[in-house]
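Here's the structure we're looking at; comments come further down.
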Amino acid sequence: MTSPLARLRHLACAAVGALAVSSLLAGSSIAEVPAVEHFEVSARPITQFEIGSSETMFGPLEFVGGLELTSSSRNLGALSAFRFLEPGSDFIGVADTGFWFFGTVERDAEMRPAGIANFRMEQMIDASGGFIEKKWLADAESLAVKDGIATVGFEGAHRLAQYRIEADGMKAAIGELDFLVPRNELRRNRGFETVAYSQEKGGLVAVSEKSLDEAGNIFAAIIEGPGKGVFTVRRDGEFDITDGAFLPGGDMLLLERSFSMAAGVKMRLRRIAGDSIAAGKVADGPVLFEANMGYQIDNMEGLDAWQRDDGALMVSIISDDNHSILQRNLYLEFILHGD
């Protein structure tokens, strides 16, 4: 088992390497790949979330299980966001290299994640019917799904684009949404890391990663519904937002991440009060739990919340490995207690 300190050194190197690769790709074309690629994904079970501990409770969250995902295909990776199409089973996601990905979470007799089946990736299509080849145009970071429509948040060229989810292959966007936040307030590589549907708000809500107002709060917007308008989320410490999902009752669960050479990578879950998500307000809420390199985490980027057949409220999280051999593609699953 790799020690937390060794993993910290590896991740620090990986982060530097990923930044270098990102800079090189920003003005280049994405490598040529098949339009649709089906391939097997190997899944190594993760049975302990805290390294060397059998503890399963972390604040109000109970660790159920996880998977470390690998494949012989070089295209597995850069997984930025995902949503379940069927609770806990079939899913759709986006990679920040300009790909869709699809698959199914397989489960054992105790309903723990056991593997990934039916996995495929498709390169995103532009309005002309060709592949989105420029990295700065294909930097998909967030995803919401409602009524057969996928809404994708892009950085680089900041936009919220909508696509029909089609079984015979994804096509070009059918339109773009007005995201209300002034475009000049969206920072480079700090755009919409979260787009999520809220039943209580009557539409989509978008939250940026780290586009800050003068008070140091994070720009966000309710972009549909009767209460639409710009709001902000209070930035707590050095954590940036990487994804979010709405919970029953209207609160929002935010996935957050921090990285420093001294402390390494951390992940955090924060619960934002639903009544603080309103135009002109500063949304805020408590931290549910925080994990550092002593836990089975990596660059945690994607989150979804869903209800299991037995009624348990589930939280699933994935990581973006930046296509680095020193990082990992992880899938983690928790029960959120107290709802």
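Quick check on my filter: what residues within the stretch 277-300 are more than 22 Å from Val181 (Cα to Cα) and of a type in the set (D, E, K, R)?
Answer for the stretch 277-300, where residues must be more than 22 Å from Val181 (Cα to Cα) and of a type in the set (D, E, K, R): Glu290, Asp298.
For residues in the stretch 81-113 being in contact with a Ser or Thr (Cβ under 7 Å, 6 or more places away or on another chain) and either assigned to a loop (DSSP other than H, G, I, E, B) or of a type outside the set (A, V, I, L, M, F, W, C) (or both), which is surrounded by the most Cβ atoms within 10 Å (Cβ to Cβ)?
Asp96
Which condition number does Leu204 fail, the rest of (1) among the hydrophobic types (A, V, I, L, M, F, W, C); (2) in contact (Cβ under 8 Å) with a residue 60 or more places away in the chain; (3) farther than 23 Å from Met314 by Cβ being met?
Only one criterion in (1) among the hydrophobic types (A, V, I, L, M, F, W, C); (2) in contact (Cβ under 8 Å) with a residue 60 or more places away in the chain; (3) farther than 23 Å from Met314 by Cβ is unmet by Leu204, namely (3).
Looking only at the stretch 203-216, decide whether some residue is out of contact with any helix residue (DSSP H, G or I) (no Cβ under 6 Å at 6 or more places or on another chain), of a type in the set (Val, Ile, Thr), crowded, with 23+ Cβ neighbours inside 10 Å and not in a strand (DSSP E or B).
Checking the stretch 203-216: not a single residue is out of contact with any helix residue (DSSP H, G or I) (no Cβ under 6 Å at 6 or more places or on another chain), of a type in the set (Val, Ile, Thr), crowded, with 23+ Cβ neighbours inside 10 Å and not in a strand (DSSP E or B).
Please determine whether any residue of the stretch 135-155 is touching a Ser or Thr at 6+ places or on another chain (Cβ under 9 Å) and aromatic (Phe, Trp, Tyr).
Yes, the stretch 135-155 contains at least one residue that is touching a Ser or Thr at 6+ places or on another chain (Cβ under 9 Å) and aromatic (Phe, Trp, Tyr).
Select, from Ala150, Ala167, the only residue that is part of a loop (DSSP other than H, G, I, E, B) and farther than 16 Å from Phe219 by Cβ.
When all the criteria are applied, what remains is Ala167.
Tell me, yes or no, whether the stretch 44-58 has at least one residue that is in a strand (DSSP E or B), basic (Lys, Arg) and crowded, with 16+ Cβ neighbours inside 10 Å.
Looking for residues that are in a strand (DSSP E or B), basic (Lys, Arg) and crowded, with 16+ Cβ neighbours inside 10 Å, one finds none in the stretch 44-58, hence no.
Take the residues in the stretch 244-264 that are free of Cβ contacts under 8 Å to residues at least 40 places away in the same chain and crowded, with 16+ Cβ neighbours inside 10 Å, then tell me which one is nearest to the chain's Cα centre (by Cα).
The residue in question is Glu256.
Residues that are small (Gly, Ala, Ser) and either at negative phi or modelled with pLDDT of 95 or more (or both): find the strands (runs of 3 or more DSSP E) completely inside the stretch 260-339 holding 2 or more of those.
Passing ranges, in order: 300-307, 313-319.
With Phe219, Phe231 as the choices, which residue is touching a helix residue (DSSP H, G or I) at 6+ places or on another chain (Cβ under 6 Å), part of a strand (DSSP E or B) and in contact (Cβ under 8 Å) with a residue 24 or more places away in the chain?
Phe219
Could you check, for the stretch 114-130, whether at least one of its residues is more than 22 Å from Gly175 (Cβ to Cβ) and under 17 Å from the mean Cα position of the chain (by Cα)?
Yes, the stretch 114-130 has at least one match.
The values are calculated or read from the model by the stated rules, or taken from the named source; none is laboratory data. None of these values were measured; they are calculated from a predicted model. So basically every Cβ, Gly included, is an ideal-geometry build from the backbone, and we count neighbours across all protein chains shown.
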